[in-house]
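I have placed the structure first, in the form of structure tokens, so that the comments after it can refer back to it.
All of the numbers you see were taken from the coordinates with simple rules; none came from a lab. In this text, all values refer to a predicted model and were calculated from it rather than measured experimentally. Cβ placement follows ideal geometry from the backbone for every residue including glycine, while neighbour counts extend to all protein chains displayed.
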Amino acid sequence: MKKEKSLSRRELIKRVDRLCQTCARYKGAKKKGSHWVNNCVSCGQPVRCDKANGGHFCSRSCYPLRWDERNVNCQCVHCNLYKNGAYIEYSQWFIKTYGEDIFNRYVDLYRQWQVGAIPAVKIGEIREKYDYWLEKGRALEKKVGPLFPKTWNKFGPDFITSQEP
């Protein structure tokens, strides 16, 4: 396996974001013609996976939920960007899909994070998320075709050389 240069914390976060959001856009998608299509969780409209967003129920700034599978789902650009996430519709879909208990747990976790009751995410946790999402991403590629650079591989403990935050 070709060894890649060490990544900064910021570069690693960008990769995990890309992996997670791409997997979210394709979750439950169906092939229509030459494209994969999913439905926006907020408005229900069909959207091409390669043109959709990975919309977050709880903000991306909340690291404990940033890469959680239930927190990131397929959203059309209109709902995610121009309707600021369409949170009322997203909340309704979220409760219908995952239930009120999970909804309340996510809202509580988000509130705890907002007041600083949850510590900052450590590099090791980001590395674990990267490995998890890379594995899911490679499995997705077997179904839909290439999505990520071949040079993205799992690495050992020297993956990141920078210090903890």
- Say a paramagnetic label sat at a point 7 Å from the Cα of K143, along Cα to Cβ; which residues of the stretch 51-78 have their backbone N under 15 Å from it? 69-70, 73-74
- Item | Value at 222 nm in deg cm²/dmol, rounded to 500, when DSSP H runs of n ≥ 4 in the chain each add -39,500 (n - 2.57) | -14000 deg cm²/dmol
- When the chain is treated as a Gaussian network with springs between alpha carbons less than 10 Å apart, the largest mean-square fluctuation among V16, V115, V41 is found at V115
- Query: Relative to the Cα centre, what is the charge dipole magnitude of the stretch 10-137, using +1 at the beta carbon of each Lys and Arg, -1 at the beta carbon of each Asp and Glu, and rounding to the nearest 20 debye?
  - Reply: 500 debye
- the chain: relative contact order in percent, alpha carbon pairs under 8 Å with at least 6 residues between: 28 percent
- Item | Cross-link pairs K96/K122; K122/K143; K51/K142; K83/K122; K96/K136 - those with Cα-Cα distance over 28 Å | K96/K122; K122/K143; K83/K122
- With Cα springs under 10 Å, the Gaussian network model of the chain assigns the largest mean-square fluctuation among G116, G137, G44 to G116
- In terms of Cα to Cα distance under 13 Å, which aspartates and glutamates are near enough to K150, apart from those fewer than 8 places away along the same chain? E4, E135, E141
- Message: Modelling each spin label as a point 7 Å along the Cα-to-Cβ direction, I'd like the Y132/R70 distance in nm, to one decimal.
- Response: 1.3 nm
- Query: With each pseudo-label sitting 7 Å past Cα toward Cβ, what's the D108-L81 distance in nm, one decimal?
  - Reply: 3.7 nm
- For the chain, treating each Cα as an identical point scatterer without solvent, what Debye log10 I(q)/I(0) comes out at q = 0.08, 0.11, 0.18, 0.20 1/Å? -0.26, -0.49, -1.18, -1.33
- Message: Under 10 Å, Cα contacts only: if you run a Gaussian network model on the chain, which one of P64, P46, P146 comes out with the highest mean-square fluctuation?
- Response: P146
